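Quick notes on the structure that follows.
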Amino acid sequence: MSLVLNLQGVVHRFQSSYVLRGAHLVLSAQQILALYGANGAGKTTLLKIIASSVVATRGSGTILGFDLQQRFQIRQRVQLVSHSLGFYPDLTGLENLEFALTMHGKTADIGAALNRVGLHTQNRVRGYSSGMRKRLALAKMLLLQPDLILLDEPFAALDPSGKNLVEQLIFEQQNRGATIIVASHEPERTNQIATSIATLEHGLLHISEIPKP
């Protein structure tokens, strides 16, 4: 399988504190990695480095064949899905998605994506609940079709039907060829869909495979 992600010795320091102390991570196409760690362990920081929205203090690697310094190219093919990132609060959900497509030079059926995630509102995003923002981020993922998807607590703020939707979308994206990292506090759910597990402790990643039945 083709190599999608190869991080070697990634270090990130915030002021005087080290969040990552030399993380190593290698992923191939269509893997689903469950990422665990206590609050403040650095999961979101690691996802932001992979998404190229945060620059690592030290370290090397490639993402989809691009060096970590090639941030524009990486951003075109990687998406971080979070309820708190990437939306303009004074625009409606529809307008935000139209803008995202324009910035990526793509066209797609926005209405179909919104229907797929069960989001039906023309209000400004500033009035969205956390669950609605999560659904909007999922709609953006469907429209942009990224090769590497980073899900930051995708099950949080969703009801049972929303959590089931997330699982369905993860498998759909994997089947079309995407690689997925899921940072979660719900191992009982995430372990069921992951192909491998990474635990972030003291700034280091510990990788384990999930036994096949």
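The values are calculated or read from the model by the stated rules, or taken from the named source; none is laboratory data. Worth saying up front: this structure is predicted, and the values here are computed from it rather than measured. No Cβ is skipped: glycine too gets one built from the backbone with ideal geometry, and neighbour counts run over all protein chains shown. These accessible areas exclude ligands, DNA and RNA; they are computed on the full protein's heavy atoms, side chains included. Shrake-Rupley method; radii C 1.70, N 1.55, O 1.52, S 1.80 Å.
Given contacts defined as C-alpha pairs under 8 Å and at least six residues apart, what's the relative contact order of the chain, whole-number percent?
Result for the chain is 30 percent.
For F66, what accessible area in Å² do you get when you roll a 1.4 Å probe over the heavy atoms of the protein chains, rounding to the nearest 10?
Spelled out: F66, probe radius 1.4 Å, area about 50 Å².
What is the pair-distance distribution P(r) of region 130-173, computed from all Cα-Cα distances in 10 Å bins starting at 0, with each bin given as a whole percent?
Here the calculated profile for region 130-173 is 28, 62, 10.
How big is the equivalent ellipsoid of region 41-94 along its three axes, where each semi-axis is √(5λ) from the Cα gyration tensor, reported in whole Å from largest to smallest?
Gyration-tensor ellipsoid for region 41-94: 24, 14, 8 Å.
Quick one: plug the Kirkwood hydrodynamic radius of region 58-213 (C-alpha pairs) into Stokes-Einstein at 10 °C, 1.306 mPa s, and report D in µm²/s.
D = 95 µm²/s.
Semi-axes, largest first, in whole Å: what does sqrt of 5 times each Cα gyration tensor eigenvalue give for region 1-134?
Square roots of five times the eigenvalues give 30, 18, 14 Å.
Short version: what are the Cα gyration tensor semi-axes of region 153-213, square root of 5 times each eigenvalue, largest first, in whole Å?
Over the Cα atoms of region 153-213, the ellipsoid semi-axes are 20, 15, 11 Å.
Given the rule -39500 (n - 2.57) for each run of at least 4 DSSP H residues, summed and divided by the residues of the chain, what is its mean residue ellipticity at 222 nm, to the nearest 500 deg cm²/dmol?
It comes out at -9000 deg cm²/dmol, rounded to the nearest 500.
Under a point-charge model restricted to the Cβ atoms of Lys and Arg (+1) and Asp and Glu (-1), what is the dipole moment magnitude of the chain relative to its Cα centre, in debye to the nearest 20?
Roughly 360 debye, rounded to the nearest 20.
Against the longest principal axis of the chain, how steep is helix 93-103, in degrees 0 to 90 to the nearest 10, with axes from Cα atoms?
60 degrees
Could you tell me the distance between the Cα centroids of region 15-60 and region 84-108, to the nearest Å?
26 Å
Roll a 1.4 angstrom probe over the protein heavy atoms and tell me the percent of accessible area of region 54-211 that is carbon or sulfur.
Solvent-exposed carbon and sulfur of region 54-211 make up 51 percent of the total.
Starting from the alpha-carbon convex hull of region 63-146, give the projected area averaged over all orientations, in nm².
5.4 nm²
Quick check for you: with a 1.4 Å probe and neighbouring chains kept, what is the accessible area per residue of the chain, in Å²?
48 Å²
Would you list Y88, Y128 from the most to the least accessible area, probe 1.4 Å?
Per-residue accessible area, sorted high to low, gives Y88, Y128.
Using a 1.4 angstrom probe on the protein heavy atoms only, line up L165, L94 by accessible area, largest first.
Result, largest first: L94, L165.
Nearest 10 degrees is fine. How inclined is helix 160-175 to the longest principal axis of the chain, computing both from alpha carbons?
Tilt relative to the chain: about 70 degrees.
Only bridges whose two residues both fall in the chain count here: according to DSSP, what percent of them are antiparallel, nearest 5?
Antiparallel: roughly 60 percent of the beta bridges in the chain.
Considering Cα pairs under 8 angstrom that are at least six residues apart, work out the relative contact order of region 80-149 and quote it in whole percent.
48 percent
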